[in-house]
Structures are given as structure tokens and as C-alpha cells.
Amino acid sequence: MVKNKLFIIVLTLCIISMLAGLISPLFNNSENNNDKGKDKAKSNISKILNSNKVAVISLNGVINSTPENNIFVEENSSLVALRALNQAEDDENVKGVILRINSPGGTVGMSQRLYSAVMNLRKKKPVIAVLDDIAASGGYYVASAADRIIALEGTMTGSIGVIMSTTDAHELLTNKLGISQNVIKSGKFKDIGSSTRAMTKEERQLLQDMVNDSYQQFKEAITKGRIDRKDKYNAQKAALTKNNLNKYADGRIFTGRQALKLGFVDSTGGNREAKDMMLKILADKGYTKDNIDFADYGKTSNFLSSLGLNQKTTILDGLVPASVKYARKPLYLWE
């Protein structure tokens, strides 16, 4: 009971303090600062009363669905972004979304989950993807679902394709170390990709067919997201042809400027250009920079990151390729 009363008192004091900070400039008697104080107070009050916003969502690092949330490790960025996209779709106060992507890609399944979330979101609200240092393979896969893509001229993007890695250590284990493995399996493909024996031609073909199918899904997603766009937004739009998609979807990477020439992105620029483009789109719906706010959405942190420390990245992260970490999985990944 005492704790509840104490909480109410503290909360009340915080609210009074906040309101005092907003209103005090209105009573500033300084001749030089009076008008500025009034304008600042009006602006602050306007932001509090105004609930319309553009949600700014970040997607960073390798895309995967592995939970990594505790007091010492930052929550998985892919899962945070997915949750934020779904919430933004249902949030009536969100009028548009800017999705910042800085990722080399990752697992096929999680890339597709994020892509679907963006596609569902853009049926209701405009979505602009902003590509940072790198937005390749799965990173571009997700971006292709947005209404518009903006990339820095030097952004590394593209890498449209699929990769799958297995390790063959049977000669080392058997010939050098004298280690062999006894496998009891229900079917001949049950241990496909095993590191303790050589891969057969039949197994290689089976995996190749799976990779090819995932690759076809990649191109179909880009076709649906970019080539078949039918929006009428008043914003710069580059046309991607099926010929360019088929010609350049061979795993190669582009700079942002090259991607623009080929139609894989719509404009070059960064966060400022993305905000300007979003305001231009929302202007047709009566929104201006004075009655809409840009706000980080779904952002989480942990105790160590709040202190400027991040325990998620280690020396091994730079030495071990992501394809090794996610071995025996088809990946939308560039490394």
C-alpha cells in the first residue's frame, strides 16, 4: 500500500515538472527570448497532443530467428523489427513507416517473414526502405517489399541469390584421427550434408534443387514487390524490368548508384531524403511536418547497451562466416 502511494506521488511530481517545463517559456519576460519561448512551448505542446507519427524501424545484422534477449545480450534485431512492423500495421497513429536496413541477409525463413510483414503493412500505409552500409541478399529481399527504396550512393546491395554450405571433414577425422561415426537412419537422405562423410552426387543434386527453388522464390518476391507495384504515390519511382532482374540476379553486388541505374532502388540518399519523400507522400493525405512526428518504433535495449557496452559482438563473430554458423541451411546471405 505504501509503495503504491509512493509511486503515485512520484508520478504526479514528474507530470507537474514536465508541464512546468513546457509552460514556463510562455511566461518568459525577456524581450529577446519571449517569442522564441512561446514558439518552443507551442511546438512541445503540439507534439504531445499530436499522435500522428511516422514509425522509424531498424533492421540490423544477420537476419535470423534465434532469440537473444536477456540482461546482457541485445534482443535479436530481426525479431524486434518483425514485432515493430506488425504493431505499426495495427497502430492507427502510425501513418507511414521508414525501415532502415543494415544487413548482409540471413536465413530464408526469417527474411520471408519480414518481407510478408512489410507487404501486409504497405497495403494500409506507405513504407520506405532506407539502405545503409549494406543491404544485400536477404536485406534486399526485405527491402523489395517496400513501396520505395532509397540507398546511399555507396551502399552495398544486390547479391540476389541463395547459398548453402556444408563441411566435409571425414578425411581428417577418419584418416588422420582415426575417428569414424556409426549412423542409424530411416532413409538414405536423413543425414544429408553430414560432415563425417563425403556427399554423394544424388545428395548434391537434391540440395541444388532446393537452393534453386529458394532462388526462384527470391525472384518472385522481387517481382511482386517492385515490378508489379501499382501505387500512385507522388514520389520518385524507378522501373525494374524483368529482363534486368533475370540478368543481374546472379549473386553480384551493386553500389547504390549502380542499383538505381538498373532499377533495383528508386532514389539515392539517406535518412533525410527518406523523411522528405515520406512527407511528400503524406502531403496528399493532408499531413505536413508540423502535424506529424518521426519516432523510433519498437526499439529495445539491455542493461549493458544502456552503458554503451555491447556484448553481442565478439572476436569470433568476425572470424567465423555466417554461412558456417548457419551450416546446412539455404541462406539469403552475402559474405
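Read-outs throughout are calculated quantities, based only on the coordinates presented, and are distinct from any laboratory measurement. Quick caveat: nothing in here was measured; it's all calculated off a predicted structure. Heads up, the Cβs are rebuilt from the backbone with ideal geometry, glycines too, and the neighbour counts pull from every protein chain shown.
Observations on the structure shown:
- Length gained when the stretch residue 90-residue 323 is fully extended (0.36 nm per residue, less Cα-Cα span): 80.4 nm
- Compared with the direct C-alpha span, the chain from residue 335 to residue 196 gains 47.5 nm at full extension, assuming 0.36 nm per residue.
- Phi to ³J(HN,Hα) by Karplus 6.51 cos²θ - 1.76 cosθ + 1.60 over the range 261-267, Hz, x for Gly, Pro: 4, 8, x, 7, 10, 9, 6
- Alpha carbon centroid spacing (whole Å) that separates the range 96-112 from the range 218-244: 17
- Between residue 169 and residue 295, the contour length at 0.36 nm per residue exceeds the Cα-Cα span by 40.4 nm.
- Net charge contributed by nearby residues that have their C-beta within less than 10 Å of residue 147 (K/R +1, D/E -1): +4
- Of 242/280; 190/325; 124/325; 188/224, those spanning more than 30 Å from alpha-carbon to alpha-carbon: 124/325; 188/224
- Placing pseudo-labels 7 Å out from each Cα toward the beta carbon at residue 210 and residue 184 gives an inter-label distance of 2.4 nm.
- Scanning residues 5 or more positions from residue 134 or on other chains, those with amide H under 5 Å from its amide H are 103, 156, with H placed 1.01 Å from N in the peptide plane.
- FRET efficiency, residue 234 to residue 123 (Cβ-Cβ, R0 25 Å, nearest 0.05): 0.85
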